[in-house]
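Working notes for the structure below.
The values are calculated or read from the model by the stated rules, or taken from the named source; none is laboratory data. Computed from a predicted model, the values in this text were never measured in an experiment. All Cβ positions, even for glycine, are placed from backbone atoms using ideal geometry, and neighbour counts span all protein chains on display. Quick note on the areas: whole protein, heavy atoms, side chains included, nothing else; ligands and nucleic acids left out. Shrake-Rupley method; radii C 1.70, N 1.55, O 1.52, S 1.80 Å.
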Amino acid sequence: MFWRNKKGTFGYIKRQRRWEIIRTMLMFGISIALYAAGYIATKSNKNLLTLAAVLGCLPASRSAVGMIMFLKAKGCSSRLREAIGDGADGLSERYDLYLTSYAKNFQISHLVMKGKSLIGITEQEGFDEAACYQHVKTLFGQNGFRDITIKIFQEKGRYLERLKSLRESEMDDNREFDEKVLELMENLSL
């Protein structure tokens, strides 16, 4: 479908945010139009079109919640994308992940997996590393992934160095396992 964007690709959050806004406005617009048509036709609120309009607000409200979440989320900046450049060539990678938990939300701009090492970078102000590690470890444990080292960087220079060393490392390269872990991260994100 042309309006669906592939999760994990650069620019996903920006494109999905636009789609969520359009869809929400359209859904509320339909409900308002139904209500107006019923009121104009009968000069009263007491008609079936009003009922249909009110029931139409349920999916529209659900869509509004998704829209609000995408409005809060920020994707990977173009500057960071340029800095990463070819640094992740040959590695399994994802962009624009936004993990939600009961207490906090975690924006991860770029994520790479190789062997048993998962590294990422965030551009989120006030990023709570400890809470993110705990959340991801719990999710991995619930899905049968064990002994994965997780490190989310906040400094671009240190991340790029670690990315380079990970790419050049000789650790076991199990692309299928790496993709499964990143698919889980994708599925757990917005």
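Rounded to the nearest 500, what is the 222 nm mean residue ellipticity of the chain from helices alone, with -39500 (n - 2.57) per DSSP H run of 4+ residues and division by all residues?
It lands at -18500 deg cm²/dmol.
Could you give the accessible area per residue of segment 1-149, probe 1.4 Å, as a whole number in Å²?
Result: 57 Å² per residue.
For the chain, report the translational diffusion coefficient in µm²/s to the nearest whole number, using Stokes-Einstein at 37 °C, 0.692 mPa s, and a Kirkwood Rh over Cα pairs.
175 µm²/s
Of all GluC sites (Glu not before Pro) in segment 57-160, which ones are in loop regions per DSSP and have a Cβ with at most 12 other Cβ atoms within 10 Å?
Those satisfying the criteria are Glu125, Glu155.
How about segment 107-187: which trypsin sites (Lys or Arg not before Pro) there are in a DSSP loop, with at most 15 other Cβ atoms within 10 Å of their Cβ?
Arg146
Note down the accessible area of Glu20, probe 1.4 Å, to the nearest 10 Å².
10 Å²
Say a site is exposed when it is one of the chymotrypsin sites (Phe, Trp or Tyr not before Pro), sits in a DSSP loop, and has at most 14 other Cβ atoms within 10 Å; what is then the longest site-free stretch of the chain?
Within the chain, the longest run free of exposed chymotrypsin sites (Phe, Trp or Tyr not before Pro) spans 4-101.
Which ³J(HN,Hα) values, rounded to whole Hz and listed in residue order, are derived for segment 98-114 from phi using the Karplus coefficients 6.51, -1.76 and 1.60 in 6.51 cos²θ - 1.76 cosθ + 1.60 with θ = phi - 60°, glycine and proline given as x?
Listing the rounded values in order: 9, 8, 10, 10, 5, 8, 9, 10, 10, 8, 10, 6, 8, 9, 10, 10, 8 Hz.
For segment 7-138, what relative contact order do you get, as a whole percent, if you take Cα pairs closer than 8 Å and at least 6 residues apart?
Reported as a whole number, the value is 23 percent.
Helix 12-42 versus the longest principal axis of the chain: what is the Cα-based angle in degrees, 0 to 90, to the nearest 10?
The answer is roughly 10 degrees.
List the extent of the Cα atoms of segment 79-190 along each of their three principal axes, largest first, rounded to whole Å.
37, 32, 20
For the chain, modelled as a Gaussian network with Cα springs under 10 Å, which listed residue fluctuates most, Thr122, Thr24, Thr50?
Highest fluctuation of the listed residues: Thr50.
How far is helix 175-188 tilted off the main Cα axis of the chain, in degrees rounded to 10, range 0 to 90?
Rounded to the nearest ten degrees, it is 30.
As a test of reading the structure, rank Cys57, Cys132 by solvent-accessible area (1.4 Å probe, protein chains only), most first.
Cys57, Cys132
Report, in debye and to the nearest 20, how large the dipole of segment 39-128 comes out about its Cα centre when Lys and Arg carry +1 and Asp and Glu carry -1 on their Cβ.
Using Cβ point charges on Lys, Arg, Asp and Glu, segment 39-128 gives about 580 debye.
From a point 7 Å beyond the Cα of Gln142 in the direction of its Cβ, which residues of segment 85-103 have a backbone N at a distance under 18 Å?
Label zone hits: 98-103.
Mind checking the angle between helix 48-72 and the chain's longest principal axis? C-alpha axes, 0 to 90 degrees, to the nearest 10.
20 degrees
For segment 1-87, what value does the Rg/Rh ratio take when both radii are computed over Cα atoms and Rh is the Kirkwood radius, given to two decimals?
When Rh is taken as the Kirkwood radius, the ratio is 1.23.
May I ask you to list the residues of segment 6-32 whose amide nitrogen lies under 13 Å from a point 7 Å from Cα along the Cα→beta-carbon direction of Ala52?
30-32
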